[in-house]
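The values are calculated or read from the model by the stated rules, or taken from the named source; none is laboratory data. What you are looking at is a predicted structure, and each value in this text was computed from that prediction instead of being measured. When we count neighbours, we look across all protein chains shown, and the Cβ atoms used for this are built from the backbone with ideal geometry, even at glycine. Surface areas here come from the heavy atoms of the whole protein model, side chains and all, with no ligands, DNA or RNA. Shrake-Rupley method; radii C 1.70, N 1.55, O 1.52, S 1.80 Å.
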Amino acid sequence: MYLCTITHQNEKDMRKVIGMGETILDILFRKQQPVAATPGGSSFNSTVSIGRTGLPAFFVGDTGNDTPGRQIVSFLQENGVDTTHFHTREDTKSAVSLAYLDDNNDADYVFYKEKPQPNPHFTFPAFEPDDVVLFGSYYAICPDVHPQVSKLLSAARQHGAILYYDLNFRRSHLHELDELIPTIHANYRLSTLVRGSADDFDIMYGTRKAEEIYERHIAPYCPLFLCTDGGKGITLCTPQGNLHFDVLPVKTVSNVGAGDNFNAGFIYGLLTYDVHRADLAALPTATWEKLIDCGRRFAANVCASLCNNIDREFARNLQK
């Protein structure tokens with residue numbers, strides 16, 4: 001196992017991480033009783049964990065100007081995430097989800113949210129080469145919002161950023177899949193790396209086989225692919241070949257946020273080990289192993305609690 005520690009550069013010279021997506025207040029239930037409530041959202045969870053490590057982190061998006069929305073803004077700021085480009089709105093309500101944990105600590109979700117709408121105040125940071133942009137979920141493919149998403153992604157790609165796309169496709173949107181596929185393919189084309197869970201692809205393509213998913217659905221658009229499959233491990237597919245990695249053993253309390261924090265750890269690794277966009281096409285196996293290990297460690301930490309993010313002690317130890 002590798003030690004994911006980072007020596008920070010002068011802040012003005014540091015690469016930054018920009019998360020973009022929807023936000024939600026997650027209320028967790030076990031045996032029909034609420035046990036925790038915390039701000040969440042896929043890219044949101046990742047960005048908060050990155051903010052806790054001390055790396056420059058921004059979040060782009062919006063939420064309602066209500067009590068949950070103000071809680072979400074405060075949570076970002078308390079965790080070191082820049083909210084300059086995160087807006088509260090009077091014309092929408094903040095989203096809420098109920099997550100019912102089963103005996104395996106997997107969650108069955110019930111969502112109470114409005115469909116994403118274009119933000120009249122939409123802005124995003126200036127991009128520098130090798131910044132990392134994390135995007136995904138329904139927010140990244142919603143027809144009403146995608147023009148703004150595409151504008152940000154195109155600007156980031158033009159300026160040499162790494163675009164990390166976490167598909168995070170939910171069964172609740174399966175009835176829209178035919179309509180959404182062209183947008184998903186457009187996102188693949190813009191991406192530097194695509195990550196998804198075997199559950200995502202089983203819903204979309206009817207298979208959990210990473211190599212088949214890569215060859216048929218990802219490789220024509222994007223050369224790099226990560227597929228996570230819970231306790232069965234992680235598969236990396238590249239034009240040079242495929243690699244498989246086991247997950248770390250952990251006493252699981254909740255699997256909520258595991259994939260999001262794998263993303264956070266992997267992105268943290270990109271900056272920790274100074275991996276640039278130009279390096280990824282021919283990255284040595286040993287470096288891929290370091291990046292995957294960072295992702296596994298972040299995910300394992302989150303699975304050991306009811307939180308959506310790495311804990312503060314874990315984050316502090318990274319900076320020693």
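Could you state the accessible area per residue of the chain in Å², with a 1.4 Å probe and every protein chain left in place? Could the numbers behind the result be given before it?
Working: 13870 Å² over 320 residues.
Result: 43 Å² of accessible area for each residue.
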Assign unit charges at the C-beta atoms only (+1 for Lys and Arg, -1 for Asp and Glu), then state the dipole size of the chain relative to its Cα centre in Debye, rounded to the nearest 20.
440 debye
Compute, for S191, the solvent-accessible surface of its heavy atoms (probe 1.4 Å) with the complete set of protein chains present, and express it in square angstrom to the nearest 10.
10 Å²
Net charge over other residues, Cβ less than 14 angstrom from the Cβ of R30 (K, R count +1; D, E count -1)
-4
Convex hull volume of the Cα atoms in region 175-249, per residue, in Å³?
87 Å³
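Based on a Kirkwood Rh over C-alpha pairs, give the Stokes-Einstein translational diffusion coefficient of region 38-173 at 10 °C and viscosity 1.306 mPa s in µm²/s.
So the translational diffusion coefficient is about 100 µm²/s.
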Accessible area of the chain belonging to carbon and sulfur atoms, whole % at 1.4 Å probe
49 percent
Residues of type lysines that K251 reaches as a straight line, Cα spacing below 18 Å, ignoring anything fewer than 8 places off in the same chain
K232
If unit charges are put on Cβ atoms (+1 for Lys and Arg, -1 for Asp and Glu) and the dipole of region 261-304 is taken about its Cα centre, the option from A304, W288, Y268 lying farthest towards the positive end turns out to be A304
Figure the gain on full extension for T252 and E90 (residue separation times 0.36 nm, minus the Cα-Cα span) and round it to one decimal in nm.
54.4 nm
Search the structure for amide H atoms under 5 Å from the amide H of G40, placed 1.01 Å from N in the peptide plane, and list their residues when 5 or more places away or on another chain.
I24, L25, D26
Restricting the count to DSSP beta bridges whose residues both fall in the chain, what percent are antiparallel, rounded to a multiple of 5?
40 percent
Rounded, prolate or oblate: which one fits region 198-294, using the alpha carbon gyration tensor with axes a ≥ b ≥ c (rounded when a/c is under 1.5, else prolate when a/b beats b/c, else oblate)?
oblate
Over the chain, the sum of -39500 (n - 2.57) across DSSP H runs of at least four, divided by residue number and rounded to 500 deg cm²/dmol, gives at 222 nm -10000 deg cm²/dmol
For K113, counting only aspartates and glutamates whose alpha-carbon sits under 14 Å away and dropping same-chain residues fewer than eight positions off, the answer is E22, D26, D62, D66, D91
Which lysines have a Cα less than 28 Å from the Cα of K16, not counting those fewer than 8 places away in the same chain?
K151, K290, K320
Please sort by residue number the GluC sites (Glu not before Pro) in region 59-136 whose DSSP state is loop and whose Cβ has at most 15 other Cβ atoms within 10 Å.
E90, E114
By average Cβ neighbour count within 10 Å, what is the ranking of 194-203, 271-280, 297-306 from highest down?
297-306, 194-203, 271-280
